Amino acid sequence: MKTKIFDKLPSTNDYAALVDEDEDFAIVANEQTGGKGTKGRTFSSKRGGLYLTLVKYDPCLAKDAFSIMATSCLAVARTLGEFGVDAKIKWANDVYVGEKKICGILIKNSFQGERVKKSIIGIGVNLNNELPGELRDIATTAKENLGKEVDRDNFLAALLKNLYEHYSIDEYRAKSMAIGRRIKVFEGETTYDAEAVGVADNGNLILSNGKILSYGEVSVKF
Ligand code: BTN
């Protein structure tokens, strides 16, 4: 796969959005100065982490768009596992080790008819990077968990391979840390507590009160 590695970029997602190739490609930065997170947040992207954007062309039907997120979360969790870090998926777009976030994923899809025409998949994994003080209680790194550094290039190669594996929604459920837990739901201006009981086939989160949360429209916290 065509992979471009930059020493520093504002955001690999923003860069990738301006590029078009004939086939899937990857953009990596050693450091981002304006890393983007979900809901307009920033994503701390100090040197030592992996900041990757994978662009997939025509990955699936529009109705199956959640499978892109599920595949990406599973690929990160599996790759971390291969490097000795036991990670779980926090619906819908984060990967955690214990109660701390190790990876965030931000996906932007464009559609043509019934298909996803282009998917810009941004993945930030805390590998050997320092975390800023305000994140130390809520985020972690592979290095912190292993007591040693992870080879970023080997990790990238394994992750790119895993990003093309086929995963079922059952595998997503099996690796999901939301199910059976109390969560805090953020829905527009409203916040409420609930219990997550399952993930539907289309990726929606099912709550014990009968509510179904649509991926992309709400966020949850433990
Ligand atoms: C989140 O946790 O809210 C999502 C974070 C996504 C971060 C990645 S790092 C690579 C890519 N480039 C960006 O600017 N953001 C994504």
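Read-outs throughout are calculated quantities, based only on the coordinates presented, and are distinct from any laboratory measurement. What you are looking at is a predicted structure, and each value in this text was computed from that prediction instead of being measured. Neighbour counts run over all protein chains shown; Cβ positions are idealised from the backbone, glycine included.
Quick grid of which residues meet (1) of a type outside the set (S, T, N, Q); (2) touching a strand residue (DSSP E or B) at 6+ places or on another chain (Cβ under 8 Å):
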residue: 84; (1), (2): yes, no
residue: 95; (1), (2): yes, yes
residue: 103; (1), (2): yes, yes
residue: 110; (1), (2): no, yes
residue: 126; (1), (2): no, yes
residue: 139; (1), (2): yes, yes
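Return the only residue of 176, 168 being without any contact (Cβ under 8 Å) to a residue 24 or more places away in the chain, over 26 Å from residue 10 (Cβ atoms) and more than 13 Å from the ligand (Cβ to nearest atom).
None of the others qualify; the one that does is 168.
Give the number of residues within segment 31-89 that are among the aromatic types (Phe, Trp, Tyr), touching a Lys or Arg at 6+ places or on another chain (Cβ under 9 Å) and closer than 21 Å to residue 1 by Cα.
Number satisfying all stated conditions: 1.
Tell me which residues, restricted to segment 109-147, are among the basic types (Lys, Arg) and under 25 Å from residue 177 (Cβ atoms).
Listed by number, the residues that qualify are 136, 143.
Just the residues that are under 23 Å from residue 153 (Cα atoms) and out of contact with any Leu (no Cβ under 9 Å at 6 or more places or on another chain), please, taken from segment 85-127.
88, 94, 96, 104, 105, 106, 107 - these are the residues of segment 85-127 that are under 23 Å from residue 153 (Cα atoms) and out of contact with any Leu (no Cβ under 9 Å at 6 or more places or on another chain).
Where in segment 1-81 are the strands (runs of 3 or more DSSP E), entirely inside, with at least 2 residues that are surrounded by 21 or more Cβ atoms within 10 Å (Cβ to Cβ) and within 14 Å of the ligand (Cβ to nearest atom)?
Counting at least 2 such residues, we get 25-29, 50-57.
Sort through 149, 134 and tell me the only one that's surrounded by fewer than 18 Cβ atoms within 10 Å (Cβ to Cβ), in a helix (DSSP H, G or I), more than 17 Å from the chain's Cα centre (by Cα) and among the acidic types (Asp, Glu).
Every option except 134 fails the conditions.
Find the residue count for segment 178-222, including only residues that are part of a loop (DSSP other than H, G, I, E, B) and under 21 Å from the mean Cα position of the chain (by Cα). Write out each step before concluding.
Initial filter on segment 178-222 (part of a loop (DSSP other than H, G, I, E, B)): 178-181, 188-189, 200-204, 208-211, 214, 216-217, 222.
Narrowing further to those that are under 21 Å from the mean Cα position of the chain (by Cα): 178-179, 181, 200-204, 214, 216-217, 222.
Number of matching residues: 12.
Quick one: residue 145 ticks every box in (1) out of contact with any Pro (no Cβ under 7 Å at 6 or more places or on another chain); (2) touching a residue at least 40 places away in the same chain (Cβ under 8 Å); (3) more than 16 Å from the ligand (Cβ to nearest atom); (4) over 20 Å from residue 47 (Cα atoms) bar one, so which box is it?
Evaluating residue 145 over (1) out of contact with any Pro (no Cβ under 7 Å at 6 or more places or on another chain); (2) touching a residue at least 40 places away in the same chain (Cβ under 8 Å); (3) more than 16 Å from the ligand (Cβ to nearest atom); (4) over 20 Å from residue 47 (Cα atoms) leaves (4) as the failure.
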